[in-house]
1. Report every pair of residues separated by at least 6 positions or lying on different chains whose Cβ atoms are under 9 Å apart, first residue within segment 90-103 and free of Cβ contacts under 8 Å to residues at least 40 places away in the same chain, second among the small types (Gly, Ala, Ser) and part of a helix (DSSP H, G or I).
2. So which residues in segment 63-81 are crowded, with 18+ Cβ neighbours inside 10 Å and not hydrophobic (A, V, I, L, M, F, W, C)?
3. Any idea which residue in segment 82-102 is most open to solvent (accessible area, probe 1.4 Å), counting only those that are charged (D, E, K, R) and in a helix (DSSP H, G or I)?
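The values are calculated or read from the model by the stated rules, or taken from the named source; none is laboratory data. As the structure is a prediction and not an experimental result, all values here were calculated from the model. Every residue, glycine among them, receives a Cβ derived from its backbone with ideal geometry; neighbour counts consider all protein chains shown. Calculation scope for accessible area: heavy atoms of the full protein, side chains included, ligands and nucleic acids excluded. Shrake-Rupley method; radii C 1.70, N 1.55, O 1.52, S 1.80 Å.
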Amino acid sequence: QGVLTSNDYILPNVVMPKAKNYQLGRFGKMHKQWLKEYYKSIYTVKLMKGELDSYIADVDKRATEMYDNLVKQLAEKEGITEQLKANDMMAWVQAMNNISNRATEIVCNDIVYCID
C-alpha cells in the first residue's frame, strides 16, 4: 500500500480489509463481547486480519442451530405440544421458558464462551 510521510517520520499505510455486512444474532453478539473482554489479543488479531466478522457470524450460526435443535428435542422429550398450548397456555409458557433457559445455558457453555 505504500507509506505515508510526516515530517521526519515514515508511517506504514495500514488499510483494514473491507468488512462484509453480517447480521449477528444474540449468540454472535454475546461471543463477540466475551472475546473482546477476555481474549483481546485473539479479538484484535482476527479484526486486523479481517476475519472477525466471518468468525463471529460462524459462531452465531452454529450456536443458533444448536439452540433450535435443543429446544425442539427437549420439547419433544418432555411432551410439550401444541395441544398443551391450546389447553393450558400458562403451563406451556412455563415449560417453554424452562426449556429455552436450559438450551441457552448449554449453547453458551459449549459454543459461545469457548475458543475454537
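1. From segment 90-103, the pairs are Trp92/Ala86; Ala95/Ala75; Met96/Ala75; Ile99/Ala75.
2. Within segment 63-81, just Tyr67 meets the criteria.
3. Looking at the filtered set, the residue picked out is Glu82.
The rows are residues; the columns are (1) assigned to a loop (DSSP other than H, G, I, E, B); (2) within 22 Å of Tyr113 (Cβ to Cβ); (3) free of Cβ contacts under 8 Å to residues at least 12 places away in the same chain; (4) out of contact with any Pro (no Cβ under 9 Å at 6 or more places or on another chain).
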| site | (1), (2), (3), (4) |
| --- | --- |
| Lys20 | yes, no, no, yes |
| Lys36 | no, yes, yes, yes |
| Tyr43 | no, yes, yes, yes |
| Gly79 | yes, no, yes, yes |
